[in-house]
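Peer 1: Following this message is one structure expressed as structure tokens.
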Amino acid sequence: MKKTMKAMTIDEVQARLRAAHARIGNEGRFALTLSLTGTEEAYLTHWFRPDPYAFEDCKAVGSGTITECLAALERYVAGYRRQPTSEEVGRTLGLVPPAVDEAGEPGGHCFLVAAE
């Protein structure tokens, strides 16, 4: 006996995508592409910027039916590990000054150091 699932509404699919996006720290964006050929083909990708000034990069998350894409999304989010940007690494090492606030004041004291 084959188990059938009820069709998901667009709002339900969006809610699943938003929840997964929140679980990875709202980094980048997910794009769900649906086929217009009358088949239930879909592609799910994760778009992100590896550095603040870099071009966007894309990772394929899943393809197939919407249900298969959402299952792939769950696996992707479960194994996702955020990589720090070069700016964050530099700030951690004290090589990049901290960001400024709305008033233009530095966000803290920063001493530029060089590694030997």
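The values are calculated or read from the model by the stated rules, or taken from the named source; none is laboratory data. Bear in mind that the values here come from a model prediction, so they are computed numbers and not experimental data. Cβ atoms come from the backbone with ideal geometry, glycine included; neighbour counts cover every protein chain shown. Protein only, heavy atoms only, side chains kept; ligands, DNA and RNA dropped before computing areas. Shrake-Rupley method; radii C 1.70, N 1.55, O 1.52, S 1.80 Å.
Peer 1: Is at least one residue of region 48-60 modelled with pLDDT of 95 or more and surrounded by 12 or more Cβ atoms within 10 Å (Cβ to Cβ)?
Peer 2: Within region 48-60 (the criterion being modelled with pLDDT of 95 or more and surrounded by 12 or more Cβ atoms within 10 Å (Cβ to Cβ)), the answer is no, since none of the residues qualifies.
Peer 1: For residues in region 86-97 being assigned to a loop (DSSP other than H, G, I, E, B) and either within 22 Å of ASP57 (Cβ to Cβ) or among the aliphatic types (A, V, I, L, M) (or both), which is modelled with the highest pLDDT?
Peer 2: Residue satisfying both the conditions and the ranking: LEU95.
Peer 1: Which residues, taken from region 61-85, are modelled with pLDDT under 90 and open to solvent by less than 30 Å² (accessible area, probe 1.4 Å)?
Peer 2: Across region 61-85, the qualifying residue is only THR85.
Peer 1: What pairs come out if I take residues in region 29-40 that are surrounded by fewer than 10 Cβ atoms within 10 Å (Cβ to Cβ) and pair them with residues that are modelled with pLDDT under 95 and part of a strand (DSSP E or B) whose C-beta lies under 7 Å away, six or more apart or interchain?
Peer 2: So the pair list comes out empty.
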